[in-house]
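The values are calculated or read from the model by the stated rules, or taken from the named source; none is laboratory data. Because the structure is predicted, anything quoted here is derived from the model rather than measured. Because the Cβ atoms are built from the backbone with ideal geometry, glycine has one as well, and the counts that use them run over all protein chains shown. For accessibility, only protein heavy atoms count, side chains too; no ligands or nucleic acids. Shrake-Rupley method; radii C 1.70, N 1.55, O 1.52, S 1.80 Å.
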Amino acid sequence: MKRALIAVALFSLMAPSAQAAPKAITVQLGSIYSAPVGTEIFLQSAKNTIFIASPVAQSADIQVTAIDLTNTQAWQRTIDSGLSEVAMAATVDPLGNIWIAGAAAIAPTPETPTSTVGIDNPDQVNIDSPSDLRPDMNQIALWKISITGELSATYLAPQKTIPLISSLSATNSGISIVGSLDGKPFLLSATTSGVFGKLVVLGSSKTEFNAVVRHSDGTSSIYGSSAETLAGKKLAGIRDGVLIKVSKTGAITSLVRSSALKASRSWISGDSSYLVSGPVITGKVTETAITKFTSAFAPSWTLRLPSVGPSATLTANGNSYLAFTSRSAIAGISGWKPNQPSLLVLTFDSKGVMKAATALPGLVAPISLAYSPAKGVVGLASASDGTVSIFTLVSR
């Protein structure tokens with residue numbers, strides 16, 4: 001009993017003094033603009049906003065459109081090999097080149113026709129050649145488009161099945177791609193001249209990779225989730241968020257699990273500043289966690305917010321940004337009481353203190369965030385009817 005009283009006394013002396021609660025932030029309205037029909041991916045490259053779509057005509061193609069600061073089309077490029085190709089992820093390298101990763105088909109090797117000379121055909125029936133089957137898109141494809149819109153390179157890595165690409169990252173040292181093949185998560189690296197490394201599978205179907213960041217030394221950081229033991233680290237919750245460092249050769253050098261008892265967690269968005277976000281589902285309660293990690297995956301600050309649906313993060317201009325779907329009031333934000341799922345963007349300072357909240361009426365789910373010195377933070381989000389729009393945090 002005496003030891004307990006001493007411990008309480010010491011804790012009281014060590015605890016920080018109580019401070020007044022910070023003043024509530026009043027939610028502001030951002031601006032919403034129409035995106036080209038069919039837009040699935042958007043980026044910022046220099047002064048242009050890049051919109052990427054995969055329209056389907058006789059084959060699936062990729063259409064890349066650049067819109068400048070005056071809202072005028074600067075250029076448009078269609079990637080069409082005559083067969084099918086689809087864009088799944090994209091990024092911009094330090095020189096402003098646009099890299100698109102996806103899946104593509106290649107023409108099947110023509111079969112040598114069988115001679116019909118000497119075959120009895122008393123009824124003179126026309127013998128048609130068998131029609132070619134549509135080739136599967138079982139190539140991991142990389143397309144490089146210059147800052148002026150020229151398709152400067154196409155690189156293909158053949159696979160046995162159709163790949164699903166979730167993220168790619170490009171630096172001067174090369175490109176890192178993550179996704180799923182045969183239901184298993186993979187990492188694939190390539191040089192900027194299109195030489196692919198060995199495709200490395202890290203885990204089973206119980207692991208998912210959602211985002212990758214390539215570093216200048218050729219190593220990669222992967223953000224995702226796992227319900228199995230990885231690199232000797234056992235599962236702690238129903239599903240854990242994972243942060244993985246991978247060497248240039250594809251070996252796991254560090255792995256940190258983010259877990260909660262009887263909860264399902266996942267990191268679905270992350271950037272080169274180690275700002276990540278993702279859902280935390282405990283029973284019927286769903287929250288979005290945003291955490292700023294150090295390069296050693298040690299948390300600097302973290303926050304959980306009531307939410308539903310996806311989220312996206314961005315570090316820019318000394319601030320951290322979180323776009324997520326909210327359907328309830330949030331402590332510390334006044335004027336935010338949505339009666340249905342709605343998009344909200346929060347701005348944090350370098351220490352994780354909330355400094356602004358922006359509502360985008362009519363939009364529901366964030367897709368991605370980017371930064372433009374001319375426009376500030378720009379995002380792509382979907383509405384409840386499935387259409388997508390561009391938004392900024394500045395009111396018109």
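Worth pointing out:
- Accessible carbon and sulfur surface of the chain relative to its total accessible area, %, 1.4 Å: 55 percent
- Label-point separation, Q76 to L235 (7 Å along Cα→Cβ), nm: 4.8 nm
- The relative contact order of the chain comes to 12 percent, based on Cα pairs under 8 Å that sit 6 or more residues apart.
- Taking all protein chains as they are arranged and a probe of 1.4 Å, the heavy atoms of D217 leave approximately 90 Å² accessible to solvent.
- Computed with a 1.4 Å probe over protein heavy atoms only, the accessible surface of the chain comes to 52 Å² per residue.
- Taking 0.36 nm per residue of sequence separation and removing the Cα-Cα distance, the T387/K184 pair yields an extension gain of 70.0 nm.
- Each residue, N319 and A251, gets one label point 7 Å from its Cα in the Cβ direction; the gap between the two is 4.3 nm.
- Folded to 0 to 90 degrees: helix 2-14 orientation relative to the chain principal axis, Cα: 70 degrees
- For percent of Cα pairs over 36 Å apart, computed directly from the structure shown, the correct entry in (1) 36; (2) 32; (3) 22 is (2).
- Label-to-label distance, nm, for residues given as K351 and V37 (7 Å Cα→Cβ offset): 5.1 nm
- Scattering from segment 247-396 was approximated by placing one identical point on each alpha carbon and applying the Debye formula without solvent; log10 I(q)/I(0) at 0.13, 0.19, 0.21 1/Å stands at -0.59, -1.22, -1.44.
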